[in-house]
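A.B. asks: Below you'll find the structure I mean.
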Amino acid sequence: MTDIELYNQITALPDDLKKEVADFAAFLKQKSKAKKQIKERQFGYAKDFFKMAADFDEPLEDFKDYM
């Protein structure tokens with residue numbers, strides 16, 4: 001659908017429906033603007049978020065029977 005066809009359809013609507021179309025267009029603009037405002041990830045954001053145990057690489061006691 002071209003812009004002209006869309007314009008012709010909107011101009012043929014009654015005034016109350018034109019208002020609804022205008023409200024919907026404003027909603028779509030706001031929704032589009034909200035999508036664009038996604039923040040980029042920052043390097044080091046999760047620093048110190050979790051800690052690894054000092055003996056992380058050591059074998060687990062549960063598996064001693066299998067070693």
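A.B. asks: State which residue is farthest from the chain's Cα centre (by Cα) when the search covers only the range 42-67 and only residues that are assigned to a helix (DSSP H, G or I) and not hydrophobic (A, V, I, L, M, F, W, C).
C.D. replies: Once the filter is applied, the top-ranked residue is Asp65.
A.B. asks: Can you pull out the residues in the range 8-41 that are at pLDDT 85 or above, exposed (fewer than 11 other Cβ atoms within 10 Å of the Cβ) and not in a helix (DSSP H, G or I)?
C.D. replies: If the condition is that a residue be at pLDDT 85 or above, exposed (fewer than 11 other Cβ atoms within 10 Å of the Cβ) and not in a helix (DSSP H, G or I), then Ala12, Pro14 are the ones that fit.
The values are calculated or read from the model by the stated rules, or taken from the named source; none is laboratory data. Because the structure is predicted, anything quoted here is derived from the model rather than measured. Methodologically, a virtual Cβ is constructed for each residue, glycine included, from the backbone with ideal geometry; neighbour enumeration extends over all protein chains shown.
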